[in-house]
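The values are calculated or read from the model by the stated rules, or taken from the named source; none is laboratory data. From a predicted model like this one, the values you see are computed outputs, not experimental measurements. Here the Cβ positions follow ideal geometry from the backbone for every residue, glycine too, while neighbour counts run over all protein chains shown.
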């Protein structure tokens, strides 16, 4: 995975506390690897089905992105991690 994107230990430590816990269904595969695959697809613009197998099955990568998008996970994560903009305090 030398040429592939992988979240650093620091990045993962920042994101990991915000991940959904105790979700019903089958046991999840490695979240760090899957999220790295999602970021790879978003950064490169490749199709979900062309995501390198090192990140896991492309259907898992796509389904996780889709499911978490419907639950606003990505929006909530960015709102939690992004510093408030200076203009936000003037509203």
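Would you check which residues across the range 1-26 are without any contact (Cβ under 8 Å) to a residue 12 or more places away in the chain, within 23 Å of residue 52 (Cβ to Cβ) and outside any helix (DSSP H, G or I) and list them? The answer is 2, 3, 8, 26. Per the conditions (1) without any contact (Cβ under 8 Å) to a residue 60 or more places away in the chain; (2) within 21 Å of residue 18 (Cα to Cα), the sole criterion not satisfied by residue 77 is (1).
Filter the range 9-26 down to residues that are more than 19 Å from residue 61 (Cβ to Cβ) and modelled with pLDDT of 85 or more and give me whichever is surrounded by the most Cβ atoms within 10 Å (Cβ to Cβ). Among residues in the range 9-26 that are more than 19 Å from residue 61 (Cβ to Cβ) and modelled with pLDDT of 85 or more, the one surrounded by the most Cβ atoms within 10 Å (Cβ to Cβ) is 14.
Taking the range 15-27 on its own, how many of its residues are over 12 Å from the mean Cα position of the chain (by Cα) and closer than 20 Å to residue 81 by Cα? Residues flagged as over 12 Å from the mean Cα position of the chain (by Cα) and closer than 20 Å to residue 81 by Cα within the range 15-27 amount to 2.
Of the helices (runs of 4 or more DSSP H) lying entirely inside the range 28-88, those carrying at least 2 residues that are at pLDDT 95 or above and within 13 Å of the chain's Cα centre (by Cα) are 31-44, 58-70. For the range 30-60, residues that are loosely packed, with under 13 Cβ neighbours inside 10 Å and in contact (Cβ under 8 Å) with a residue 24 or more places away in the chain total 2.
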